[in-house]
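Here is the structure we will look at, set down as structure tokens.
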Amino acid sequence: MQRAGSIVLTLVLATVITFGLQKLVPGDPALAIAGEDATAQRVAEIRADLGLDRPFVVQYLDWLRGAVTGDLGTTIRGDASVWDLIGQRLPATLTLAAVALLFSIIIGVGAGVAAALRHGSKADTAVTAVATLGVAVPNFWLGMVIVVVFGLTLNWLPVSGYALPWEDFAAWARHVTLPAIALGTAGAAEIARQVRSALVEVLRSDFIRTHRAKGLPQRAVVWRHAMKNASLPLVTVVGLQISHLLGGTVVIESVFAIPGIGSLIVQSANQRDYPVIQGVVFVTALLIILTNLAVDLVYRYVDPRIGVRPARRAGLRRAQRGVTV
Amino acid sequence: MSASTSRVTGVPGTGGLRAVPLRLWLCLAVLAVLACCALLPNALAPYDPNAQDLGNILDSPSSAHWLGTDDVGRDVLSRLIAGTRTSLAAGFIAVAVSVLIGLPVGIVAGYFGGWVDAVLMRGVDAVLCFPPLILALGVAAAAGPGLVNSMAAVGIVLSPSLARLIRAQVLAVKERPYVEVARSFSCGPFRIVFRHILPNAMQPVLVQAAIFLGVALIAEAILSFLGLGVQPPAASWGSMLSRAFAFMPQAPRLMFPPGIAIVVTVLVFNMISDLAQERFDPRARDRRA
Amino acid sequence: MVAALATACGGTAQSDGDAGKPAKGGTLRVALAAQPSSFNPVLGNSGSADFIVQYSIFDTLTEFNSETGEVDPRLAESWTFSDPTTFVMTLRAGAAFHDGSPVDAEAVVWFLNHARGPEGGGAQVDLAKVESAEATGELEVTVQLTEPFTGLPWVLSGRSGMVMSRAAYEKDPEGFAQHPVGAGPYRFVSYKKGAKIELERFEDYWNPDGIYPDAVEFTIFQEPTTILNAIKSGEQNLSFSVSPKDVAQLESDPSVNVTTGSSYLLDQIHMNRSKKPLNDPRVRRALSLALDRDVFVKAATFGLGEPGYQFFPEDSPAAAPSIAVDNAPDLDQARSLMAEAGYGDGVGLTMLTQTSEIEVRKAEVLQAQLAEIGVELDIRPTELTQAVAEMFQDQSADLFFAYGVSRADVGDTINATFGAEALYNLPHEEHPAVMEKLAEANATSDIAERNKHLQAAAEAIADESLLLPVAFNPFIAVTTSSVHGVRVDAVLKPRLDGIWIEN
């Protein structure tokens, strides 16, 4: 109950931040609508039509009432419902983020495990070095390099546009590859570092030594026992990656011309389309809260001894390193 | 990343220990170069970084222009050097703002506990539910154009995780015997915090600050890319990268100087953070071994 | 002047000669740099992106001919001013909306009243001088004006002439923008906002000649650079949103056709004339004299544009031949004008500009040029609506570097820039000399005489340097090599008529 209350409180605070921020941003949506025909009188009329002249609290409560009942309103021009808009754009972002996450996990876990098993070897040093580098590379710069090298010079894969897997799988696979690599590399590097360090630690522990002494094969020791114990930090870092991926799509979608919610928020910011910005930020925050909840649940599954709250704290404490923009 | 959680950021064990001096020297060398560029840009830059030469735009590297010229004929090397100061300053602004906000919030929450802690930490949770970039965009737009505003926004966005870290430190230190003793002598909270708690909680904060510097550099690049960076014609690595994106089909080479500068600098800050952590936190390693 | 335009359009023909005869079929995939602001034409408020899409869905009453500067018949077969305040227009027989209802006098009257009514949005301003419209025959519409306004036929070539289906609108006024119904060559199929628009050919279109593709798909791109990649790879086959910097490279690419021409799109500096130092015409004149526009064109539009010495391009009927000479760069005179105005030691000015790198880059070139006369420009890249608010509402900046394209009717453009109601006018009061000339132009329906008055208005603008023209951007269309028939449109609101795809 306390947990649910805390989530609700967090969510309410998040909506206040979302809504308050829009009001602080200069630029008048009425001007955006009036466009090239703007006259002072027309701008005032539009402001009144939109209800922008009402007090802040009234506007906020009005929006909150809608949001709670699942109504995020329409675009500022009223030509589309915000839900429809997010619904149209979210699949692109989510499929891209999912592939990027998958890429991060496969490469990250693979490299991390390989490095940990050959701890101290040249391969380990190489993985550590590449991972350290990978964390330092800005994703959109990597995207630019990828566009130039693989798209424009080698012409291997398309560097703009998108398709959805259930509409045209082959086209999707071609379009998703490069942006997913650009988006997922930093995550792969971070996961590799975390998995490696956690696994090195576990492999040194007494209970693994005991398993080994019992004559269990290496494969079983690593995957059945060591990984299970090294998976707590993995779960944490994967949870964090989801938040980073959602933020990272803002730039990557611009670099690769992908119509997702990242490019939607940039478009809407340019048009001062508040309802859309609020909707996207709200939905993103909701996704992240759900991710955190899922991480907690996975924790409990991985390690039933841990109660939810301490686990969450441990996870987030660990997560400090993962802060990026 | 508090004292009690172990993570291996560098190379633990024997191999790592041998590697430390080399990494340290590398870091110091890069820092020295950065410092020279930031402090004496005019002495090092071959040209005025803002001088245009519209007759020679997008020139390839040559003996006159080692890194070529940009889209209005400015010397890329000179802009790279001039941009060092701007970009590093941007990083420091963000870190300073994050510390200015995160430190008091973390201390108050950790020291006083109870409902104060609960309220502050729900606020921190709320901020942390946003992807940092999206929030930074919003705050930067609200603050108005200019590098200082944008980087202050980044600092605000980074501050909650710092607050959380500091709070954990304060909680850990608060229970230590000498603090208990100080309290029993009814020292005021200010005295306890500044004399006893802060000095003992600072090390992880410094480690974190080095990481934040790297994060802030990347943030500067991204915000410049989205049009919220330094005022033209001043150079920063982010603004150079953003311009390079616009001229990517004509001169893809323009993206490499600022991009590599950012990667190397972030790498160095991260390595310093790793090294510092290994130095500050031997207990964790002992426990681990 | 016409000759100059013809030369400028020389790029059009290209390799069409050996491409064979136009044939029906194929899908035209158009890359847009911005999403249309609305599918309801009277509510639309932005330039090119709106019109390219809306022209396909909605047919217009008249059509602007950018080669002659005049208007040609379209849904309206002919028109006349029976007196300066009475406009009589005869519609073409046989035109129909996509829902089957006829485009007759009643439909047009409903539309004009709708467009100038409370639900008319931006079109209200265009049609402000209309007093009443009535059907005076099955195909005859008579429009009464409150004052002489012979610019009306030009206005009817834009969104205020994009006749909407009354039946479709009244069935669902709120939803019309999501399911637009017009009488244009293509009918609306679907729209993913901000991403993709699909249209298919309207088989009952009154003039099927010249409408070749079976379908048109518009895809919206965020970054201009990505449009280039999409055209090169053949994912998209037409775009009007390619930057001048990319043209040289594209022209050397055999898989791509480039069409360039001159346009009315003017890079210009708005000045706050209501306060110091720009309330002094000498300072404004000095700024103008300090600009080396030829160098600007070479740098900013890679030689494709034309220097802008006045509000309208030289080949526009409203351009005054006298002006270009007066505006040749003259640093000495500029410096002495600054000294005369009391700014001999220099002055700092803040200039807003849009945030895209291409705009910032242009601003940097201007900054370097104006530094020569001691003007220190503080460039503030600012998102468009915010910049408009800061410049014209809060008046917190001195200059605003922006681009604007003239309407089909240049008089309309003058009104929107210097009229009493115009937001983009500082101080916010009518400029008497300019508006007087405009009123004279609107009182005559004789085109030559009208143009003479418009030229006088252009001279009045230049006399006091009310606005700082910098350069006219080029019209650029880029297609894959299989697409033919693209025509230059000087007001950058191209129609897709005549474009066909080689199979």
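The values are calculated or read from the model by the stated rules, or taken from the named source; none is laboratory data. All values reported here derive from a predicted model rather than from experimental measurement. Ideal geometry is used to build each Cβ from the backbone, glycine not excepted, and the neighbour counts take in all protein chains shown.
Taking each residue of segment C:299-316 that is under 19 Å from residue C:288 (Cβ atoms) and looking for partners that are charged (D, E, K, R) and assigned to a helix (DSSP H, G or I) with beta-carbon atoms closer than 6 Å, six or more apart or interchain, yields C:300/C:362; C:307/C:293; C:307/C:294.
Of the residues contained in segment B:237-253, none is found to be touching a Cys at 6+ places or on another chain (Cβ under 8 Å) and either surrounded by fewer than 24 Cβ atoms within 10 Å (Cβ to Cβ) or assigned to a loop (DSSP other than H, G, I, E, B) (or both).
Considering segment C:63-78, the residues that are closer than 20 Å to residue C:492 by Cβ and touching an Asp or Glu at 6+ places or on another chain (Cβ under 7 Å) include one that is surrounded by the fewest Cβ atoms within 10 Å (Cβ to Cβ), namely C:72.
Tell me whether segment C:235-247 contains one or more residues that are touching a residue at least 40 places away in the same chain (Cβ under 8 Å), assigned to a strand (DSSP E or B) and in contact with an Asp or Glu (Cβ under 6 Å, 6 or more places away or on another chain). No, segment C:235-247 contains no residue that is touching a residue at least 40 places away in the same chain (Cβ under 8 Å), assigned to a strand (DSSP E or B) and in contact with an Asp or Glu (Cβ under 6 Å, 6 or more places away or on another chain).
Among the candidates A:232, A:246, A:216, the residue that is within 16 Å of the chain's Cα centre (by Cα) and on the phi < 0 side of the Ramachandran plot is uniquely A:246. Total residues in segment C:409-438 satisfying the condition of being in a helix (DSSP H, G or I), crowded, with 20+ Cβ neighbours inside 10 Å and free of Cβ contacts under 8 Å to residues at least 24 places away in the same chain: the figure is 2.
Determine, yes or no, whether residue B:93 is in contact with a Gly (Cβ under 8 Å, 6 or more places away or on another chain) and more than 21 Å from residue B:261 (Cα to Cα). It is false that residue B:93 is in contact with a Gly (Cβ under 8 Å, 6 or more places away or on another chain) and more than 21 Å from residue B:261 (Cα to Cα). If the condition is being polar (S, T, N, Q) and either within 13 Å of another protein chain (Cβ to nearest Cβ) or touching a Lys or Arg at 6+ places or on another chain (Cβ under 9 Å) (or both), then segment A:161-192 contributes only A:185. Scanning segment B:170-199 for residues that are free of Cβ contacts under 8 Å to residues at least 12 places away in the same chain and not acidic (Asp, Glu) gives B:177, B:181, B:183, B:184, B:185, B:186, B:187, B:188, B:190, B:191, B:194, B:199. Counting residues in segment A:171-186 that are free of Cβ contacts under 8 Å to residues at least 12 places away in the same chain and either surrounded by 18 or more Cβ atoms within 10 Å (Cβ to Cβ) or of a type outside the set (Phe, Trp, Tyr) (or both) gives one or more. From the list A:149, A:195, A:137, A:127, the lone residue that is more than 8 Å from every other protein chain (Cβ to nearest Cβ) and under 21 Å from the mean Cα position of the chain (by Cα) is A:195. Only residues that are of a type in the set (D, E, K, R) and within 23 Å of residue C:357 (Cβ to Cβ) were counted in segment C:254-285, giving 1. Of all residue pairs spaced 6 or more apart or on separate chains, those with beta-carbon atoms under 7 Å, a first member in segment C:28-41 that is at the interface with another protein chain (Cβ under 10 Å from one of its Cβ atoms) and over 20 Å from residue C:479 (Cα atoms) and a second member that is of a type in the set (Ser, Thr, Tyr) and not in a strand (DSSP E or B) are C:37/C:46. Considering C:215, C:286, C:230, C:248, the condition of being of a type in the set (A, V, I, L, M, F, W, C) and either under 23 Å from residue C:348 (Cα atoms) or in contact with a helix residue (DSSP H, G or I) (Cβ under 7 Å, 6 or more places away or on another chain) (or both) is satisfied by C:286 alone.
For residue B:223, the conditions (1) more than 14 Å from chain C (Cβ to nearest Cβ); (2) within 20 Å of residue B:88 (Cβ to Cβ) are fulfilled apart from (1). Each residue in segment C:155-180 was checked for being surrounded by fewer than 23 Cβ atoms within 10 Å (Cβ to Cβ) and either in contact with a strand residue (DSSP E or B) (Cβ under 9 Å, 6 or more places away or on another chain) or among the acidic types (Asp, Glu) (or both), and 5 of them qualify.
In segment C:351-360 there is at least one residue matching the filter, namely being of a type in the set (A, V, I, L, M), touching a residue at least 60 places away in the same chain (Cβ under 8 Å) and within 14 Å of chain B (Cβ to nearest Cβ). Filtering B:118, B:141, B:136 for residues that are surrounded by fewer than 18 Cβ atoms within 10 Å (Cβ to Cβ), closer than 28 Å to residue A:283 by Cβ and not hydroxyl-bearing (Ser, Thr, Tyr) leaves a single hit, B:118. Restricting attention to segment B:119-138, the residues that are more than 9 Å from every other protein chain (Cβ to nearest Cβ) and either in contact with a Ser or Thr (Cβ under 6 Å, 6 or more places away or on another chain) or farther than 30 Å from residue B:225 by Cα (or both) total 3. Among the residues examined, residue A:177 does not qualify as among the hydroxyl-bearing types (Ser, Thr, Tyr), more than 24 Å from residue C:237 (Cβ to Cβ) and outside any loop (DSSP other than H, G, I, E, B). If only residues of segment C:393-405 that are within 11 Å of chain A (Cβ to nearest Cβ) and in contact (Cβ under 8 Å) with a residue 60 or more places away in the chain are counted, the one that is farthest from residue C:314 (Cα to Cα) is C:402.
If you check C:257, C:229 for being within 12 Å of chain A (Cβ to nearest Cβ) and not in a loop (DSSP other than H, G, I, E, B), only one passes: C:229. In the set (1) more than 14 Å from residue C:470 (Cα to Cα); (2) in a strand (DSSP E or B); (3) modelled with pLDDT of 90 or more, residue C:283 fails one condition alone, (2).
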